[in-house]
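Each remark here refers to the structure printed beneath this line.
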Amino acid sequence: MTAAVPGSAADAAKPTPGLIRAGIIERFGEPQVLCTVRLPRPTRASGHALVRVRAASVNYGETKIRRGLVPELGPPPLVLGSDLSGTVVEAEPGGRFRVGDEVYGIHFIGTYADYVSVPEASLATKPMTVDHVRAAALPVAARTALVAICEYAALRAGQRILIHAAAGGVGHLAVQLARHRGAYVLGTARTAHHPFLRNLGVDEPIDYTTVDFRSVARDVDVVLDLVGGEYGRRSLDCLRPSGLLLGAALDPGVTEEDADRRGRQFRWLGATRLVRPLDVVRELVDAGQLTVHVERTYALSELPAAHTHAETGRVTGKLVITIDDEPAMDRTHDRLSGTGRR
């Protein structure tokens, strides 16, 4: 990444053999630290498929990575992005996929790029009934919702669940899964989002800006907290004795000991025992039982605007980055030479 590649700014705006576009951060900070650069095309690692990425989504967690709040990933430069949908261009000999297969999946991190080498185990065949944009909106959010509702909560018909941020990426999918299981669903969101929630099947939308959700959501069996912090502590008040609080935020605001002292349970969403959860998601999507809502798409060069939007906390469904074939004049610069347009 340090060798110089000669060329003018105009040259850097044209496709260059052996180089790909990628959305990176070269330092931690606000959305403006995101830029589109050129990097060497990755080689396929053993046990991986090399995927031509067509779309990737923005997850709120990636904004925290950009800000330097996930030190486990190491220092910049980092290519961000966790979801992808695209086409296999190089396959593992004798592996699960073939060249030309349309796939979607999760890769921590690096999917804001034209190409990425992804472990086969992290990929699944793309749902047939959606395009790459909607497929890319699914993996992280749908996997999280599936694990929460179907595994950790093992939600049953007749149970009551409160879902915080119910109109968001994970939330709107969790609502559908909970309704599919016959649960009574309460969900927090601003009033403007209530028609959207009712269409999804929420029985009681709650505007958290006008009422204390604890005054409405009482004696629930499960709370899925996608906000964290003070929400976690307050959510314990909503649970029936032995009820379960599921945390999915980096700061859940509560511990297992806190919940146990109150006669409740707390679990942070982590590993799963589900086998190939993205295959399950695909089946639900193709059966018409799970629908992902994409509020807006952005070009790869518009990553700062996408992250700015994501950080408002007011996204309905998902935001998606489209990574189409490069236009004639793309706002990229050569990471190796530092030339080009930003």
- Note on the structure: If we keep only residues of region 267-283 that are out of contact with any helix residue (DSSP H, G or I) (no Cβ under 8 Å at 6 or more places or on another chain) and of a type in the set (A, V, I, L, M), then the residue farthest from Leu224 (Cα to Cα) is Val275
- Item | Test for Val133: is it touching a residue at least 40 places away in the same chain (Cβ under 8 Å), within 23 Å of Asp286 (Cα to Cα) and either touching a Cys at 6+ places or on another chain (Cβ under 8 Å) or of a type in the set (Val, Ile, Thr) (or both) | yes
- Of the residues in region 305-325 that are among the polar types (S, T, N, Q) and assigned to a loop (DSSP other than H, G, I, E, B), the one that is surrounded by the most Cβ atoms within 10 Å (Cβ to Cβ) is Thr316
- Message: Which residue is most open to solvent (accessible area, probe 1.4 Å), if the candidates are limited to region 163-205 and must be touching a residue at least 40 places away in the same chain (Cβ under 8 Å) and farther than 19 Å from Leu138 by Cα?
- Response: Arg190
- Note on the structure: Those residues of region 162-180 that are farther than 12 Å from Gly317 by Cβ and out of contact with any helix residue (DSSP H, G or I) (no Cβ under 7 Å at 6 or more places or on another chain) come to a total of 2
- Task: Please list, ordered by first then second residue, the pairs with beta carbon atoms under 8 Å, 6 or more apart or interchain, first in region 57-75 and in a loop (DSSP other than H, G, I, E, B), second open to solvent by less than 70 Å² (accessible area, probe 1.4 Å) and modelled with pLDDT under 95.
- Result: Val70/Gly61; Val70/Lys64
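Would you confirm whether or not region 33-41 contains a residue that is among the hydrophobic types (A, V, I, L, M, F, W, C) and open to solvent by 50 Å² or more (accessible area, probe 1.4 Å)?
no
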- Item | Exclusive hit being touching a residue at least 12 places away in the same chain (Cβ under 8 Å), touching a strand residue (DSSP E or B) at 6+ places or on another chain (Cβ under 8 Å) and farther than 22 Å from Thr191 by Cα, set Arg233, Arg264 | Arg264
- Would you check if Arg218 is more than 13 Å from His164 (Cβ to Cβ) and in a loop (DSSP other than H, G, I, E, B)? yes
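The values are calculated or read from the model by the stated rules, or taken from the named source; none is laboratory data. Note that the structure is a prediction, hence the values are computed from the model and not measured. As a convention, Cβ positions derive from the backbone with ideal geometry for all residues, glycine included, and neighbour counts pool all protein chains shown. The area values use the complete protein model at the heavy-atom level, side chains included, leaving out ligands, DNA and RNA. Shrake-Rupley method; radii C 1.70, N 1.55, O 1.52, S 1.80 Å.
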